[in-house]
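Enquirer: Before I ask anything, let me first share the structure, which is written out below as structure tokens.
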Amino acid sequence: MSIKDRKKDHVELTASGEVSYRKTAGFERYDFVHDALPEVNLDEVSTEATLLGREFSFPLFLSSMTGGYDEGQSLNAMIAETCEKLNLPFGVGSQRVMIENKEEADSFKVVRDKAPGAFIASNIGGAQLIGNLPEEHLRLITEIIAANAIIVHLNPLQELIQPEGDKAFQGIEKGIAHLVTNSDLPVIVKETGAGISAEVASRLLSIGVQVIDVSGAGGTSWSKVERLRMDPEPGDSLFDDWGIPTVDCIKQMASLRETFRFALIASGGIRSAADIVKSMALGANFTATAQPVIKALKHGGREQLSDLLQKWQREMTMILTLLGCRTIRQLNPTHLRKLP
Ligand SMILES: Cc1cc2nc3c(=O)[nH]c(=O)nc-3n(C[C@H](O)[C@H](O)[C@H](O)COP(=O)(O)O)c2cc1C
């Protein structure tokens, strides 16, 4: 099956199928500590947050998802327009497809046309970095969207389940180190839903990666997605629930703050404004989400996506007020209560 068809299947299945983890990302383990006497006014509360030196209207990155086929182009255009309007950062889906077939470049190029001022990240798989990403490929994928950062995705679970997946992982770390040294853009490394441990993050930060997006377990299960692609019958796999829950990833990263300066993105199962605020209180600098974005776009186009994101921002403002916080930066673990 071609990469194009695979990307199409992924969108269809995540937008309509039941492809979430059975285990949760962990946000339900915490409740907010309500402040009955908040010394703040709702209209003074700011949800603004910073990532890689840029200020955004609230701390939500629209995760890397698509490109490389016709509908991918229109989905990318809608994501780009929405992010331009709402001042949110986003990433395009894996650009491997346009390295292999230059005709697919338009489905990525569209994002810069639609979002001239937005923060946009390129995306490439770790497997493509084995033996080092050729200079011309790096230029190709970043210049076409005038990228502000480059995201490397790690997805060994998905590759193992996918019949046509890459099964060799040795050399990815070296390839990332080479990319960091040879790119002028900041490098973000993300998982795709199975999580990044503190040990792996430490290796990545040691070679100069600036941002870790944990993409932990509890949201989209790529084992389920790949299994449904092969066999639409309901079933079960040992690997459907494989991975480190997002909250556990966020908490593990605290131990690295003394040694490294880095930004931490919490993703994998971010499904509400409450999940965003809890992530920030637990120590993340930003959050990201994928499945709700694709669902909103497939069901109601750019309007539904814009409505969803604006609702989340309004709800975040209310949550901050009820915690007595004027800004996101004031959030800390004391605003959460661990449930028994
Ligand atoms: C339709 C779809 C396509 C995706 N394609 C990519 C991709 O090309 N590159 C990538 O890094 N992650 C990709 N992802 C993974 C997401 O960026 C994200 O890490 C993962 O889905 C977990 O977040 P969620 O629980 O909010 O969906 C994709 C996710 C979805 C739903």
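The values are calculated or read from the model by the stated rules, or taken from the named source; none is laboratory data. Model, not experiment: these values are computed from the prediction. Neighbour counts are summed over all protein chains in view; Cβ atoms, including those assigned to glycine, are modelled from backbone coordinates with ideal geometry. Remember, those area values only see protein heavy atoms, side chains included, never the ligands or the DNA or RNA. Shrake-Rupley method; radii C 1.70, N 1.55, O 1.52, S 1.80 Å.
Enquirer: For residue 45, indicate whether it is in contact with an Asp or Glu (Cβ under 6 Å, 6 or more places away or on another chain) and surrounded by 17 or more Cβ atoms within 10 Å (Cβ to Cβ).
Expert: So residue 45 does not fit the description; no.
Enquirer: Do you know which residues across the stretch 66-91 are touching a strand residue (DSSP E or B) at 6+ places or on another chain (Cβ under 7 Å) and open to solvent by 10 Å² or more (accessible area, probe 1.4 Å)?
Expert: 87
Enquirer: Under the condition of being at pLDDT 95 or above, under 23 Å from the mean Cα position of the chain (by Cα) and among the small types (Gly, Ala, Ser), which residue from the stretch 155-179 is nearest to residue 242 (Cα to Cα)?
Expert: 175
Enquirer: Let me ask you something else. Exactly one of (1) without any contact (Cβ under 8 Å) to a residue 60 or more places away in the chain; (2) more than 19 Å from residue 294 (Cα to Cα); (3) open to solvent by 10 Å² or more (accessible area, probe 1.4 Å); (4) assigned to a helix (DSSP H, G or I) is unmet by residue 117. Its number?
Expert: Single failed check for residue 117: (4).
Enquirer: Let me ask something additional. With the requirement that a residue be surrounded by fewer than 13 Cβ atoms within 10 Å (Cβ to Cβ) and farther than 17 Å from residue 333 by Cα, what does the stretch 231-260 give you?
Expert: Answer for the stretch 231-260, where residues must be surrounded by fewer than 13 Cβ atoms within 10 Å (Cβ to Cβ) and farther than 17 Å from residue 333 by Cα: 231, 232, 233, 234, 235, 236, 238, 258, 259.
Enquirer: Criterion first (closer than 30 Å to residue 165 by Cα, part of a loop (DSSP other than H, G, I, E, B) and open to solvent by less than 40 Å² (accessible area, probe 1.4 Å)) does residue 25 satisfy it?
Expert: It is true that residue 25 is closer than 30 Å to residue 165 by Cα, part of a loop (DSSP other than H, G, I, E, B) and open to solvent by less than 40 Å² (accessible area, probe 1.4 Å).
Enquirer: Show me the helices (runs of 4 or more DSSP H) found entirely inside the stretch 186-302 where at least 2 residues are hydroxyl-bearing (Ser, Thr, Tyr).
Expert: 198-206
Enquirer: When you scan the stretch 223-272, how many residues do you find that are within 14 Å of the chain's Cα centre (by Cα) and within 11 Å of the ligand (Cβ to nearest atom)?
Expert: Going through the stretch 223-272 one residue at a time, the tally reaches 8.
Enquirer: List every residue pair whose Cβ atoms sit under 8 Å apart, with the two residues 6 or more apart in sequence or on different chains, where the first one lies in the stretch 144-169 and is more than 23 Å from residue 122 (Cβ to Cβ) and the second, anywhere, is acidic (Asp, Glu).
Expert: Within 8 Å, the pairs are 161/226; 167/159.
Enquirer: Right, next: Is it the case, given these coordinates, that residue 175 is within 16 Å of the ligand (Cβ to nearest atom), in a loop (DSSP other than H, G, I, E, B) and either in contact with a helix residue (DSSP H, G or I) (Cβ under 7 Å, 6 or more places away or on another chain) or open to solvent by 30 Å² or more (accessible area, probe 1.4 Å) (or both)?
Expert: no
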